[in-house]
Amino acid sequence: MTPDVSVDVSVIVPTYNRGPALRRTLDCLAAQSPAPREIIVVDQSDQPDPTTQQMLGALSAQGIIRLVRQEIPNAQRARNHAIGEARGEVLLFLDDDVEMKPDLVGAHWANYADPEIAAVAGYYLEPSDSPTDVLPPECDHPTTGWLHVPHSYTKRIASHQFPSCNGSVRRSVARRMGGFDENFRWTLLDDTDFACRLRRLGVKAVHDPSAALMHLKEPSGGRRPTREARYIIADRRLWFTWLYFYLMNFGIRGLPTLGVRFRRSVLRRPLLVRPWYLAGAFAEFVLGAAVAAAAIMRGRRLATFPTTP
């Protein structure tokens, strides 16, 4: 049976090779009060677990979720697909390994009583986190300071941060932006890129600590970039992501940050005394830079949505 519609929110959950954690997330969503208009699950799993697939099929048949299948794993494409499918005025993006109290949807929705608010960054904790009421010194940086507002910050403030594990946005704004950039093939800085573009729109956005959840950071599943070898802490995928993000969003102003990352990732003492690893780390940088340069030249890969509601 489809739950009564209480608020005009479409919850969007991309999932990739996750089982029990996804089930806990969906159980929490089924208990929301008020309930969202719909829950859209985009399954990109290339190693489908039979138990999970059976569970998703049953929830879809009962009308509890709208299940969308996507063959090629890409969280940005999955989110864009869901943006095109969504019917709610507000889109709430969640990861597939989060747990929340029954008031999460309502807490996000309450912000949109202000017609000027375009997006809300929810509060979340990860297993090693603690709440904080102090902004770090990095927040004072004139160019990138706003990116360093902690996701566990306990005070409500204006902020264009957009955590895709707990962030909401008006559907009209998401469509106007072209959704998420599908050049981000791994789940790193993809939502921060969305935040940068949101900020450039000049719309009003807030960080709301009352819209809270726990991000479990499940080690299995997901699509995070990984290190190449023991001493190489930044592989080509990380370098592609860093270079593409900072150069696309900050241009030459991003070079100092990239220089710091190069020094800390390549010109490290453990590598300088092991030249064979140093050569490998530099090669990873070059390969990542080549792919990033090609992607920058091609431009962003954004979605095109219908102009009608």
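Structure above, values below:
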{"quantity": "Calculated from backbone phi, Karplus (6.51, -1.76, 1.60) coupling profile of region 150-166 in Hz, x at Gly/Pro", "calculated": "x, 5, 9, 6, 8, 10, 7, 9, 5, 6, 9, 4, 9, x, 6, 7, 6"}
{"quantity": "Set of aspartates and glutamates near LYS217 by C-alpha distance (under 13 Å), chain-local residues within fewer than 8 positions excluded", "calculated": "ASP95, ASP96, ASP97, GLU99, GLU126, ASP129"}
{"quantity": "Packing-based order for 104-114, 41-51, using average beta carbon neighbours within 10 Å, highest first", "calculated": "104-114, 41-51"}
{"quantity": "Computed log₁₀ I(q)/I(0) - Debye formula, equal Cα scatterers, no solvent, region 236-298, q 0.22 Å⁻¹", "calculated": "-0.86"}
{"quantity": "ILE117 long-range amide H proximity, modeled H, under 5 Å", "calculated": "none"}
{"quantity": "For region 4-119, Kirkwood radius (reciprocal of mean inverse C-alpha pair distance, Å)", "calculated": "14.3"}
{"quantity": "Identified option (computed Rg/Rh (Cα atoms, Kirkwood Rh); candidates [x] 1.07; [y] 0.94; [z] 0.97)", "calculated": "[z]"}
{"quantity": "Calculated from backbone phi, Karplus (6.51, -1.76, 1.60) coupling profile of region 138-148 in Hz, x at Gly/Pro", "calculated": "4, 5, 7, 5, x, 9, 10, x, 5, 6, 9"}
{"quantity": "Kyte-Doolittle at least 0.0, axis length at least 18 Å by Cα - qualifying DSSP helices, the chain", "calculated": "236-250, 275-298"}
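Throughout, read-outs are computed from the coordinates displayed, never taken from laboratory work. Given the structure is predicted, the values throughout are model-derived calculations rather than measurements. For neighbour counting, all protein chains shown are included, and Cβ atoms are generated from backbone atoms with ideal geometry for every residue, glycine included.
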